[in-house]
Amino acid sequence: MIFFRKSRYLILVTRELSRKYTFPLVIGFLLGLVGMIGFNQVASRLSYRPFTPILRVGLVGDATPSTLPPGIQELISAGLSRLGPDSLPLPSLATKWEATDSGRTFVFTIADNARWHNGEAVKARDINYNISDVTFTVISPYALRATLKEPFAPFLSLVAKPILQTGLKGFGPYRVKNVRLKGEAVQYLHLESVGALSVPDREYRFYRTEAAAVTGFQLGDVDVLEDISSPNTFEGWKNASISSQAHYNRVVALYFNTKDPALGEKGFRQALGFAIPDLGNERAYSPVNKTSWAYTDTVKKYDFDMNQAKKLMANAKVASESASLTITTFSQYIDIAQKIATSWTNLGVPTNVQVVNQIGQFQVLLSAQAIPPDPDQYPLWHSTQSSTNLTGYVNVKVDKLLEDGRKELDQSARKKIYIDFAKRLVEDAPAIFLYYPTIYTVTRVK
């Protein structure tokens, strides 16, 4: 009985308060509802995730927001296409494409489920490539036409570059949480996973030199160093694990100035090629990426053979006793240069080494060169490309192959072209391809 009296009393009080404060209660309810919805929306985008693991990585080299390493760009966003392990273009943001007009027109179908990191749909109008002699036209929200001035077979590798909006906004598995610049250079970059909280965030710190990167590792600023050229500093460290791999996207080579009186003769260059000792790295024989669909190993191989070098030297028009050479190189290759210079001197060609900070005039240049993902190497070896054809190499047949390779869309036909190109170039020896550089990753062991 007492319970029912108390319940009736509470009901009467509640009813009276509701009558008296109806408007404030309604406003409070609405504000609470809006607040709850707003919080859920904001919470899904909050960057503060205190229990999320972080992978802290150190990289050597300068980068600006527009020239971040490809591996980082691909975490933030994607291109219309992507390149497979053999460098063939595969669907990415574009689920398919069609080439018409002998390769002058490409029509891309855009995935309708891609979302920018702010939640908006990625549409054809957002594609912001700036490629010379290419015009992009929106056909519909999810269809895009690219019109080329001339057929260009490597075009699909160009649109594999990740698409980024202002502020490094993309639609990849990671978004930019924080970036710090010093002038134009990126000093620090924090990426957070768009997916599960268990996926580690990534922090990148950029160092000008390997010595600075090693110091950062010692101080605990980073736990991983990527793309280190020498692991010697870390030998014997109990808290550091070292792994290595060949870098097939770069090749270390000797480039001959074919305009030099001594080096203009193919036989003399070949003799020098056979007189290069084993340098201890994975040997490179071709200008084409070893993992590329267009690679061939059926080229002339300049493995160390001093007897063959002497035979070629004896038949060379250049008098070896009157020829002397200088190998120009950078400080990181000085030991390699000295080994080659000693061997050439033993062959009868006195050779010295010159260390420089930038490329100028040279007889022989020892340096690394990036290998493009597509086998097109027109800028590097075509006779008209005076600013990038470092050797001054001229071969009418090679010029024609490079021109045809850019126009041919059939993969099998293109492969034949670039196999022929590689064979002829290596035979002429304007350069001797030495090895793929070994890169090291150092990881802190906890």
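The values are calculated or read from the model by the stated rules, or taken from the named source; none is laboratory data. For clarity, every value in this text was computed on a predicted model and none was experimentally measured. Cβ atoms come from the backbone with ideal geometry, glycine included; neighbour counts cover every protein chain shown. For the accessible areas, the whole protein counts, side chains as well, though only heavy atoms, and no ligand, DNA or RNA atoms are used. Shrake-Rupley method; radii C 1.70, N 1.55, O 1.52, S 1.80 Å.
Taken as a whole, the structure places S230 among residues that are of a type in the set (G, A, S), open to solvent by less than 60 Å² (accessible area, probe 1.4 Å) and touching a residue at least 40 places away in the same chain (Cβ under 8 Å). Of the residues Q377, Q338, Q358, Q385, the single one that is over 18 Å from I276 (Cα atoms), open to solvent by 50 Å² or more (accessible area, probe 1.4 Å), at pLDDT 95 or above and not aromatic (F, W, Y) is Q385. Go through the stretch 163-201 and give me each residue that's in contact with a strand residue (DSSP E or B) (Cβ under 9 Å, 6 or more places away or on another chain), of a type in the set (S, T, N, Q) and surrounded by 14 or more Cβ atoms within 10 Å (Cβ to Cβ). Across the stretch 163-201, the qualifying residues are Q187, S193. Look at (1) open to solvent by less than 20 Å² (accessible area, probe 1.4 Å); (2) assigned to a loop (DSSP other than H, G, I, E, B); (3) not basic (K, R) and you find that G273 fails only one, number (2).
Across the stretch 203-227, which residue is surrounded by the most Cβ atoms within 10 Å (Cβ to Cβ) among those that are in a strand (DSSP E or B) and in contact with a helix residue (DSSP H, G or I) (Cβ under 7 Å, 6 or more places away or on another chain)? Break it down stepwise before answering.
Pass one, the stretch 203-227, residues in a strand (DSSP E or B): 203-207, 224-227.
Checking which are in contact with a helix residue (DSSP H, G or I) (Cβ under 7 Å, 6 or more places away or on another chain) leaves us with 204-205, 207, 225.
On the way: Y204: 23, R205: 19, Y207: 21, L225: 27.
Ranking the qualifying residues of the stretch 203-227, first place goes to L225.
Pairs linking a residue in the stretch 407-426 that is closer than 30 Å to F256 by Cα to a residue that is among the acidic types (D, E) and part of a helix (DSSP H, G or I), with Cβ atoms under 7 Å and 6 or more positions apart or on different chains, are I417/D404. From the set of residues in the stretch 283-310 that are outside any loop (DSSP other than H, G, I, E, B) and touching a residue at least 24 places away in the same chain (Cβ under 8 Å), which is surrounded by the most Cβ atoms within 10 Å (Cβ to Cβ)? Looking at residues that are outside any loop (DSSP other than H, G, I, E, B) and touching a residue at least 24 places away in the same chain (Cβ under 8 Å), I get A309. For the stretch 109-118, taking the residues that are without any contact (Cβ under 8 Å) to a residue 60 or more places away in the chain and open to solvent by 30 Å² or more (accessible area, probe 1.4 Å), the one that is farthest from V194 (Cα to Cα) is identified as T109. Taking the stretch 121-156 as the range and being out of contact with any Gly (no Cβ under 9 Å at 6 or more places or on another chain), in contact (Cβ under 8 Å) with a residue 40 or more places away in the chain and open to solvent by 30 Å² or more (accessible area, probe 1.4 Å) as the test, the residues that pass are R145, T147, K149.
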